[in-house]
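So the structure is just underneath, and the comments pick up after that.
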Amino acid sequence: MTDQTITSVSRESRVFKPSAEFKAQANLGSEATYKRLYAESVNSPAKFWGRQATELLTWRKPFSKVLDWKAPHAKWFTGGTLNVAENCLDRHLGTARENKAAIIFEGEPGDITTLTYKQLHREVCKFANVLDSLDVGKGDRVAIYMPMVPEAAIAMLACARVGAIHTVIFGGFSSEAIKDRVNDCQAKLVITADGSWRRGKVVELKASVDRALEGTPSVQHVIVLKRTATEVSMTAPRDRWWHDVMTGAKAEHKAKAFGSEHPLFILYTSGSTGKPKGVLHTSGGYLLGTTITTKYIFDLKENDIYWCTADVGWITGHSYVVYGPLSCGATVMMYEGAPNHPAPDRFWDIIDRHGVTIFYTAPTAIRAFMRWGDDYVKKYSLKSLRLLGSVGEPINPEAWMWYHTLIGKKRCPIVDTWWQTETGAIMVSPLPGVTPTKPGSCTRPFFGVVPKILDDNGKEVPKGSGGRLFLMQPWPSMLRTLWGDDSRYKKQYWSEIKGVYFAGDGARFDKDGYLWVVGRIDDVLNVSGHRIGTAEVESALVSHPAVAEAAVVGRPDEIKGQGLVCFVTLKSDQKPTEELKQALRGHVAKEIGAIARPDEVRFAAGLPKTRSGKIMRRILKEIAAGGAIKGDTTTLEDFNVVASLQSEG
Ligand code: WT7
């Protein structure tokens with residue numbers, strides 16, 4: 001047996017307290033209130049969630065029971081009926097929000113469109129009538145493969161309005177990926193566009209759909225939005241133009257109410273390993289989870305301009321571009337294209353021109369900005385910003401400090417939000433105005449969330465030791481099953497310890513009870529009996545001034561069990577020399593300890609990533625072990641990166 005705890009080596013000790021100004025205006029600004037509500041939420045969940053669901057959502061018929069829990073299957077707010085789209089749109093009409101911007105859209109070429117709540121409601125009603133006319137309704141599956149444009153949100157909300165189950169497929173995925181997903185859920189309709197803009201070029205979406213649909217007998221119709229005016233082939237009577245079907249569609253649509261547990265969407269999780277899993281989310285609980293977290297974690301106010309940079313193809317785009325913020329009546333900024341088009345200052349330019357106040361992005365984007373250089377940031381005032389967020393992976397302290405100093409000007413709280421496609425909404429995060437933050441820690445659980453770190457025998461590990469992260473109680477926005485595969489659902493999430501949710505991440509609590517997530521448990525290495533999170537070694541590498549980004553993987557080692565191989569991309573002004581390799585090995589040994597001294601450092605021009613920015617470690621492992629690349633590479637953003645890594649070997 002090896003040492004079953006994870007050696008956690010982060011030495012970060014800085015603490016940043018919320019400012020008095022932020023605290024004074026926060027939606028939830030007192031530690032005592034957080035403590036009281038948190039205690040209620042975990043000790044009397046039915047009382048807490050019942051009250052929140054009544055206050056924050058609009059029900060057609062009130063629920064009779066808050067939670068029906070037969071592990072691992074949960075039903076929330078049974079007996080209640082609602083319409084999710086009505087909660088995101090209709091309930092804001094006839095209030096001061098009616099003529100407020102719901103979506104401010106900026107296309108990559110620079111076109112800007114604003115839709116007020118009234119206008120968005122109108123478009124959604126029209127599209128819901130289109131769905132009715134195509135006989136797409138309750139329980140039917142609809143695949144959405146679109147650019148990051150308002151029509152993507154309109155399509156999602158129209159599905160919700162008629163009770164159809166959407167599955168959004170990220171616009172960067174291949175036709176193979178579309179085919180698999182469409183077939184897995186037997187989608188009846190596909191909604192797409194001719195193309196989307198990406199770094200000044202057209203990504204041909206309809207062409208990918210056409211190739212995918214050669215093997216998808218369930219699809220009856222395709223609706224195609226004209227975005228780039230790229231030439232496409234239209235197959236009659238299957239394919240229809242968005243503008244044609246919308247012409248003449250009625251702007252009034254009477255929404256039906258659906259049960260709280262009616263399925264809202266299926267989202268296939270990014271397949272860095274194995275067959276993609278169709279995570280199923282339902283209506284009432286999901287909407288409550290996204291609404292309450294948007295309100296308190298993003299401290300949303302009426303006059304905020306809120307920008308989450310995620311694509312709607314990811315859970316972050318579902319929960320924090322569409323459902324959470326629109327349910328709260330927010331103004332949502334939406335941008336179509338790349339962060340470095342036409343130049344690496346595009347995001348900062350958008351923030352200054354539109355007056356963005358809340359900005360939520362991913363560590364991988366932050367590190368790209370760091371790499372492109374501070375001058376692109378310094379041209380802008382960024383004075384409208386008041387709150388920053390991070391999501392997707394552990395944020396290394398260097399990136400956190402850069403975000404805090406250069407973007408937040410030391411004035412904006414940072415909420416580092418830990419959650420997953422499966423959790424539906426944020427689970428662990430600071431509350432801005434309440435929680436002192438530590439760079440790299442997602443801090444404390446949100447209401448109703450009971451995280452525990454357990455060892456391989458299911459025993460809680462002492463504070464300071466690493467282990468596996470579990471959530472001990474069900475929560476409203478949890479996944480309900482995996483589409484068509486309930487036994488995989490049980491096995492994947494609920495079988496490590498019966499009835500308890502296994503998140504798949506390695507983590508630890510520090511002495512203050514703050515949570516530090518070190519990454520997927522599959523990314524924890526065993527070096528000479530020590531379990532080391534690759535994210536911590538990466539963080540140490542990135543703290544060296546020459547390094548822009550790093551990915552660390554294990555390679556079989558006869559003596560140590562596993563050896564550490566580090567793939568490193570350098571900042572643009574650095575030269576890849578042998579001395580630098582040695583210096584980096586020494587630097588990691590100094591930062592973490594001799595046990596973590598890398599066996600090999602390799603310089604790379606780029607790292608293999610999925611289109612959501614997650615490094616595909618499986619591929620790096622295969623390269624590190626000197627073998628061939630096996631398995632699926634269709635989710636890879638750029639295959640050239642892999643080819644060059646192999647030849648540099
Ligand atoms: C995995 C979930 C949540 C939406 C985006 C990704 C990692 C996510 C954090 C964070 C440390 C994080 C975890 C998690 N992760 N946020 N703030 N700190 N790790 O969704 O693709 O389902 O990935 O991303 O490993 O399990 P996803």
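The values are calculated or read from the model by the stated rules, or taken from the named source; none is laboratory data. Please read all numbers here as calculations on a predicted model, not as lab measurements. FYI the Cβ positions are ideal-geometry reconstructions off the backbone, even for glycines, and counts take in every protein chain you see. We work out accessible area using only protein heavy atoms, side chains counted, and drop any ligands, DNA or RNA first. Shrake-Rupley method; radii C 1.70, N 1.55, O 1.52, S 1.80 Å.
Counting only protein heavy atoms and a 1.4 Å probe, tell me what percentage of region 126-247's accessible area is made up of carbon and sulfur. Intermediate values should be presented prior to the final figure.
Numbers: 1920 of 4220 Å².
C and S atoms contribute 46 percent here.
Reducing region 441-501 and region 124-174 to their Cα centroids gives an inter-centroid distance of 32 Å.
Note down the net charge around residue 259, summing +1 for each Lys or Arg and -1 for each Asp or Glu among other residues with Cβ under 12 Å from its Cβ. Result for the local shell: +4. Only one residue of 102, 292, 370 has its Cα farthest out toward the positive end of the dipole of the chain, where Lys and Arg carry +1 and Asp and Glu -1 on Cβ, and that residue is 292. Classification of region 544-648 by its C-alpha gyration tensor yields an oblate form. The axis ratio a/c (a ≥ b ≥ c) is 1.5 or more, and b/c is at least a/b. Roughly how far apart, in whole Å, are the Cα centres of region 175-194 and region 357-404? The two parts, judged by their Cα centres, are 34 Å apart.
Stretched out fully, how many nm does the piece from residue 349 to residue 512 gain, at 0.36 nm a residue minus the Cα gap? Don't skip to the end; give the middle numbers.
Numbers: separation 163, 0.36 × 163 = 58.68 nm, distance 3.87 nm.
Computed gain between residue 349 and residue 512 is 54.8 nm.
Can you give the relative contact order of region 544-648 as a percent, counting alpha carbon pairs under 8 Å and 6+ residues apart?
Values: 148 pairs, mean separation 26.8, N = 105.
Contact order relative to length: 26 percent.
Contact order for region 346-459, expressed relative to its length and based on alpha carbon pairs under 8 Å spaced 6+ residues apart, stands at 21 percent. Shape class of region 93-135 from the alpha-carbon gyration tensor: oblate, with a/c at 1.5 or above and b/c at least as large as a/b.
Computed about the Cα centre, the dipole magnitude for the chain is approximately 1420 debye when only Lys and Arg (+1) and Asp and Glu (-1) carry charge, each at its Cβ. Straight-line cross-link partners of residue 590 among the lysines, defined as a Cα under 23 Å from its Cα and at least 8 positions apart when in the same chain: 438, 560, 571, 575, 581.
Normalised by the number of residues in the chain, the average gap of Cα pairs under 8 Å and 6 or more apart makes the relative contact order 14 percent. In the context of the full set of protein chains, the chain has a per residue accessible area of 37 Å² (1.4 Å probe).
Which of 295/379; 275/621; 179/201 have a Cα-Cα distance over 30 Å?
Values: 295/379 32 Å; 275/621 19 Å; 179/201 24 Å.
Too far apart for the 30 Å limit: 295/379.
Assuming charge only on the beta carbon of Lys and Arg (+1) and of Asp and Glu (-1), the dipole of region 544-648 about its Cα centre is about 240 debye to the nearest 20.
Region 565-586 and region 44-101 have Cα centres separated by 53 Å. Dividing the summed helix terms, -39500 (n - 2.57) for each DSSP H run of n ≥ 4, by the number of residues in the chain produces a 222 nm estimate of -8500 deg cm²/dmol to the nearest 500. Of all lysines in the structure, those lying under 16 Å Cα to Cα from residue 118, and not within fewer than 8 positions of it along the same chain, are 100, 126, 250, 254. Computed over protein heavy atoms with a 1.4 Å probe, the carbon and sulfur contribution to the accessible area of region 544-648 reaches 51%.
Taking the Cβ of residue 98 as the center, what net charge do the other residues with Cβ under 12 Å away carry, scoring Lys and Arg +1 and Asp and Glu -1? Display every interim value, and only then the final one.
Values: positive: 91, 97, 100, 118, 122; negative: 90.
Net charge around residue 98: +4.
The Cβ shell under 11 Å around residue 368 holds other residues with a net charge of +2, Lys and Arg each +1, Asp and Glu each -1.
Sites listed here are trypsin sites (Lys or Arg not before Pro) in region 254-305 whose DSSP assignment is loop and whose Cβ has at most 11 other Cβ atoms within 10 Å: 254.
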